[in-house]
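Visitor: Questions regarding the structure given below will be posed in turn.
The values are calculated or read from the model by the stated rules, or taken from the named source; none is laboratory data. This one's a predicted model, so the numbers in the text were calculated from it and none came from an experiment. Here the Cβ positions follow ideal geometry from the backbone for every residue, glycine too, while neighbour counts run over all protein chains shown.
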Amino acid sequence: MSSTTATAADPPGADLPEHPDFLWHNPEPKRSYDVVIIGGGGHGLATAHYLVRNHGITNVAVLEKGWLAGGNMARNTTLIRSNYLWDASAAIYEHALKLWEGLEDDLGYPILFSQRGVLNLAHTEQDVRDSVRRVEANKLNGIDAEYLGPDDVAKICPILNVSDDIRYPVLGATYQPRAGIAKHDYVAWGFARRADAGGVDLIQDCEVLDFVTEGSVEDGAAEGTARVTGIRTTRGDIACGQVALCAAGHTSTLLDRLGVRTPLQSHPLQALVSELLEPVHPTIVMSNAVHVYVSQAHKGELVMGAGVDSYNGYGQRGAFHIIERQMAAAVELFPIFARAHLLRSWAGIVDVTPDASPIVGRTPYANVLVNSGWGTGGFKVTPGLGWCLAHTIATGELHPLIEPFALDRFVTGALVDEHGAAGVAH
Amino acid sequence: MQLITCPWCGPREELEFHYGGQADVRYPDNPQELTDEQWGHFVFFRDNPKGPFAERWVHSAGCRRWFIAIRDTRTHQFLSVHRIGEDQPQIPEATR
Ligand SMILES: Cc1cc2nc3c(=O)[nH]c(=O)nc-3n(C[C@H](O)[C@H](O)[C@H](O)COP(=O)(O)OP(=O)(O)OC[C@H]3O[C@@H](n4cnc5c(N)ncnc54)[C@H](O)[C@@H]3O)c2cc1C
Ligand SMILES: [Zn+2]
């Protein structure tokens, strides 16, 4: 007598998506593609998806040196928000947030997008002024934002310590109700599944080593006349029409091969999770001043992050004292975390720029686009960036939302300096 | 956390030190003659190698002196440390 009744509710997890093995093929690389995307993280996969969906371009390969979306996509803390200060940033992140709001339907795949809001805490008078300014700038850009005092902050997140006897008391916070989190792996798999179904070749275990060029910029070819005609990979040479570099922390190692300099620096960025706890933390809380941010994952882990480790590195691990400081800050802000156990910690490699904004757009090679420098905060832009990059590849015209992020701003001085607004990004 | 060898004080914990980025980035000799592009590169552009990197560290919680380290950015391992101006550090060719 073991049959289940027809009225039994689905067991927990019954709505989880299929195992990724069945979600895409593992094709052999063809010898030539119209578009080659380097890097199979969220950005590369989203770009491939929108090339198919918005432009009908399907002769596309995504080359990934490891396993699909095993880089920063698998390692980030999944915070999504659009409350940036400068117009250029607000515009692209808000474009992305609007896409997130319809992404589950678009992909036909669950991504557990949960708009639970974000509080960005203010701990000093200067923080308060900056926060109020940012809220007003957000409103002018049509982005949902409010400034809240400590009592209202405590209503939204009751476990937060808003007493005034801690080292850096909470003086207030900005609040963006539409901000949230999503399940990063499902997001990548959803994009991969749709791109694959549209005919894109997703090629794992395929590291890009070098480029075949026609007229090298290093050898003095005029800008715009040099081209990349082929990609040298661990699985042979692949000819390409257009190239999009979406290799996150490794962009400058690839551009070095082309003799193109960028002001990118690669750093370890760590995150950690606690053991599973019952739901205690209803929103996302970020604090740049004491440097920690926390959300609670769907399963129950407290997910925490901080800033980058100070030194350059590609080792995908960081220093222990960073974790110690971040945990000290977390326990002061959330006294009930004191007994939570740390389950695991890890690091990704993020590429940061001097003005804390990305470098996206043209390179001195006519058919090579770069997408880099999203630093600690590029998960949230995934659909928006993919949309804009696909548009640029398909039409040959820079999408207006990425135009402000060109490499030449470090010479013209037209910086999009988000340090003031975002400090620690994410 | 790892031990970093200060060339004056010997091995100390990493958290006594601060990072100063790429070593030997010199202020231009003739600043007034630089193009905008050259200025942009001087101010913002630094090497970002995957492998040995000559960089500046300061022993901020110790002797407070700056020094040069050759560190492998793949492993974070310090290959050598040098007093400034002493012996010009060479990045081992084989590991480049
Ligand atoms: C700990 C941590 C927390 C973060 N938290 C947040 C957050 O809360 N919110 C947010 O918005 N962002 C966050 N980020 C940042 C975000 O993860 C990145 O900005 C974003 O993932 C970058 O784009 P991507 O997804 O394409 O990168 P990746 O997923 O890193 O994709 C790049 C891919 O390129 C591949 N690659 C590299 N070199 C080569 C080569 N030579 N040949 C072939 N393939 C190559 C890599 O293997 C990798 O899979 C966080 C990052 C980290 C590390
Ligand atoms: Zn010393």
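Visitor: Report those helices (runs of 4 or more DSSP H) wholly inside the stretch A:32-116 carrying at least 1 residues which are near ligand 1 (Cβ under 8 Å from one of its atoms).
Guide: The qualifying helices (runs of 4 or more DSSP H) are A:42-55, A:72-75.
Visitor: Quick one: in the stretch A:210-234, which of the residues that are under 28 Å from the mean Cα position of the chain (by Cα) and charged (D, E, K, R) is nearest to A:THR58 (Cα to Cα)?
Guide: A:ARG232
Visitor: Do any strands (runs of 3 or more DSSP E) lying entirely in the stretch A:138-235 carry at least 2 residues that are more than 29 Å from A:VAL303 (Cβ to Cβ) and basic (Lys, Arg), and which ones are they?
Guide: Of the strands (runs of 3 or more DSSP E) lying wholly inside the stretch A:138-235, those with at least 2 residues that are more than 29 Å from A:VAL303 (Cβ to Cβ) and basic (Lys, Arg) span A:227-233.
Visitor: Could you list, in sequence order, all residues of the stretch A:314-369 that are in a strand (DSSP E or B) and within 14 Å of chain B (Cβ to nearest Cβ)?
Guide: Within the stretch A:314-369, A:SER345, A:ALA347, A:ILE349, A:VAL350, A:ASP351, A:VAL352, A:ILE359 qualify.
Residues checked against (1) in a helix (DSSP H, G or I); (2) over 30 Å from A:THR77 (Cα atoms); (3) within 14 Å of another protein chain (Cβ to nearest Cβ); (4) β-branched (Val, Ile, Thr):
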site	(1), (2), (3), (4)
A:CYS240	no, yes, no, no
A:SER252	yes, no, yes, no
A:ASP256	yes, no, yes, no
A:GLU275	no, no, no, no
A:HIS281	no, no, no, no
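Visitor: Please go through the stretch A:220-237 and give me each residue that is without any contact (Cβ under 8 Å) to a residue 12 or more places away in the chain and either surrounded by 14 or more Cβ atoms within 10 Å (Cβ to Cβ) or in contact with a strand residue (DSSP E or B) (Cβ under 9 Å, 6 or more places away or on another chain) (or both), ordered by number.
Guide: A:ALA221 - this is the single residue of the stretch A:220-237 that is without any contact (Cβ under 8 Å) to a residue 12 or more places away in the chain and either surrounded by 14 or more Cβ atoms within 10 Å (Cβ to Cβ) or in contact with a strand residue (DSSP E or B) (Cβ under 9 Å, 6 or more places away or on another chain) (or both).
Visitor: Considering the stretch A:170-219 alone, what residues qualify as being within 30 Å of A:ALA154 (Cα to Cα), buried (at least 16 other Cβ atoms within 10 Å of the Cβ) and not charged (D, E, K, R)?
Guide: Scanning the stretch A:170-219 gives A:VAL170, A:LEU171, A:GLY172, A:ALA173, A:THR174, A:TYR175, A:GLN176, A:ALA179, A:GLY180, A:ILE181, A:ALA182, A:HIS184.
Visitor: Can I ask one more? B:LEU15: within 14 Å of ligand 2 (Cβ to nearest atom), at the interface with chain A (Cβ under 8 Å from one of its Cβ atoms) and not β-branched (Val, Ile, Thr), yes or no?
Guide: yes
Visitor: Let me ask something additional. Looking at the stretch A:222-236, is at least one residue within 14 Å of chain B (Cβ to nearest Cβ), out of contact with any Lys or Arg (no Cβ under 6 Å at 6 or more places or on another chain) and away from ligand 2 (no atom under 16 Å from the Cβ)?
Guide: Looking for residues that are within 14 Å of chain B (Cβ to nearest Cβ), out of contact with any Lys or Arg (no Cβ under 6 Å at 6 or more places or on another chain) and away from ligand 2 (no atom under 16 Å from the Cβ), one finds at least one in the stretch A:222-236, hence yes.
Visitor: Also: Please enumerate the residues belonging to the stretch A:396-425 that are under 20 Å from A:GLY384 (Cβ atoms), at pLDDT 95 or above and within 14 Å of chain B (Cβ to nearest Cβ).
Guide: Result: A:ALA406, A:LEU407, A:ARG409.
Visitor: What strands (runs of 3 or more DSSP E) completely inside chain B contain at least 2 residues that are within 16 Å of ligand 1 (Cβ to nearest atom), loosely packed, with under 12 Cβ neighbours inside 10 Å and modelled with pLDDT of 95 or more?
Guide: Those strands (runs of 3 or more DSSP E) do not exist here; none qualify.
Visitor: Let me ask you something else. Can you name every residue in the stretch A:290-313 that is more than 10 Å from chain B (Cβ to nearest Cβ), touching a residue at least 40 places away in the same chain (Cβ under 8 Å) and not aliphatic (A, V, I, L, M)?
Guide: A:HIS291, A:TYR293, A:SER295, A:HIS298, A:GLU301, A:GLY305, A:GLY307
Visitor: A follow-up question, please. So in the stretch A:299-332, with the set limited to residues that are surrounded by 21 or more Cβ atoms within 10 Å (Cβ to Cβ) and in contact with a Leu (Cβ under 6 Å, 6 or more places away or on another chain), which one is farthest from A:VAL162 (Cα to Cα)?
Guide: A:VAL308
Visitor: Being farther than 20 Å from A:LEU68 by Cα and within 12 Å of ligand 1 (Cβ to nearest atom) is the filter here, so list the residues in the stretch A:237-252 that pass it.
Guide: Residue satisfying the conditions is A:SER252 alone.
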